[in-house]
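A.B. asks: Handing you this structure, nothing more for now.
All of the numbers you see were taken from the coordinates with simple rules; none came from a lab. Predicted, not measured: the structure shown is a model, and the values here were computed from it. Cβ coordinates were reconstructed from backbone atoms using ideal geometry, including for glycine residues, and neighbour counts include every protein chain displayed.
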Amino acid sequence: MDADALLTHLEVLERALLDPAVRADRARLDSLIAEDFLEIGASGAVFGKAEVLAQLPDESGVAYEALPMRVQRVGAYVARVLYTVRRDADGDVRRSLRSSWWRCEADGCWRMVFHQGTPDTGAGTI
């Protein structure tokens, strides 16, 4: 996959994970997240794939708006996506800086292997 196609593809996948319909669909989440997935949330909590699949489908009243994303290929089968997101949970609005690592697996599908959200203090931009 060339660089432009990869950028577009990973941005579509990343934005899908912010979509409430995808977040509510355990099968779709399962297809997007690697078995060895690890997340360090903006709250400081650490999650694996099992926790994500158990918790995200029950989330309600939360909307995400992602700002422009940067995709950087790290190797032939690994890429990083960086962006800022605005999260609105029933009027409680917060911004966080996001970093996701994606891996192209043996079946040719790109899956998220790592994600970190850090509260946006305004001290810098991605």
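A.B. asks: Scan the stretch 78-93 for residues that are more than 18 Å from Thr121 (Cα to Cα) and either touching a Phe, Trp or Tyr at 6+ places or on another chain (Cβ under 9 Å) or free of Cβ contacts under 8 Å to residues at least 24 places away in the same chain (or both) and report the count.
C.D. replies: Summing the residues that are more than 18 Å from Thr121 (Cα to Cα) and either touching a Phe, Trp or Tyr at 6+ places or on another chain (Cβ under 9 Å) or free of Cβ contacts under 8 Å to residues at least 24 places away in the same chain (or both) in the stretch 78-93 gives 5.
A.B. asks: Taking the stretch 62-87 as the search range and keeping residues that are in contact with an Asp or Glu (Cβ under 9 Å, 6 or more places away or on another chain) and β-branched (Val, Ile, Thr), which one is surrounded by the fewest Cβ atoms within 10 Å (Cβ to Cβ)?
C.D. replies: The selected residue is Val62.
A.B. asks: If you go through the stretch 39-46 one residue at a time, do you hit one that is of a type in the set (A, V, I, L, M) and over 13 Å from the mean Cα position of the chain (by Cα)?
C.D. replies: yes
A.B. asks: Restricting to the stretch 36-61, give me the number of residues that are over 15 Å from Arg111 (Cβ atoms), aliphatic (A, V, I, L, M), out of contact with any Ser or Thr (no Cβ under 9 Å at 6 or more places or on another chain) and assigned to a strand (DSSP E or B).
C.D. replies: 1
A.B. asks: Could you identify the single residue in Glu59, Glu105, Glu35 that is surrounded by 13 or more Cβ atoms within 10 Å (Cβ to Cβ) and among the charged types (D, E, K, R)?
C.D. replies: Glu105
A.B. asks: List pairs: first in the stretch 64-75 and closer than 15 Å to Ser96 by Cβ, second part of a strand (DSSP E or B) and hydroxyl-bearing (Ser, Thr, Tyr), Cβ under 6 Å, 6+ apart or cross-chain?
C.D. replies: The qualifying pairs are Ala66/Tyr83; Leu67/Tyr83; Leu67/Thr84; Met69/Tyr83.
A.B. asks: Still on this structure, please answer the following. Taking the criterion of being of a type in the set (Val, Ile, Thr) and farther than 14 Å from Leu13 by Cα, would at least one residue in the stretch 99-113 satisfy it?
C.D. replies: Within the stretch 99-113, not a single residue is of a type in the set (Val, Ile, Thr) and farther than 14 Å from Leu13 by Cα.
A.B. asks: Sticking with this one: Which residues, counting only those in the stretch 77-126, are in a loop (DSSP other than H, G, I, E, B), of a type in the set (Val, Ile, Thr) and in contact with a strand residue (DSSP E or B) (Cβ under 6 Å, 6 or more places away or on another chain)?
C.D. replies: Residue satisfying the conditions is Ile126 alone.
A.B. asks: If I ask for residues that are over 10 Å from the mean Cα position of the chain (by Cα), buried (at least 16 other Cβ atoms within 10 Å of the Cβ), over 14 Å from Trp101 (Cα atoms) and in contact (Cβ under 8 Å) with a residue 12 or more places away in the chain, which ones from the stretch 1-24 would you list?
C.D. replies: Arg23
A.B. asks: Related question: Considering only residues that are over 14 Å from Met69 (Cβ atoms) and assigned to a loop (DSSP other than H, G, I, E, B), which ones fall in the stretch 1-35?
C.D. replies: Passing the criteria: Met1, Asp2, Asp19, Ala24, Asp25.
A.B. asks: Mind counting the residues in the stretch 25-38 that are of a type in the set (Gly, Ala, Ser) and free of Cβ contacts under 8 Å to residues at least 24 places away in the same chain?
C.D. replies: Total satisfying the criteria: 1.
A.B. asks: Counting only residues that are touching a helix residue (DSSP H, G or I) at 6+ places or on another chain (Cβ under 9 Å) and not small (Gly, Ala, Ser), how many does the stretch 81-103 have?
C.D. replies: 4
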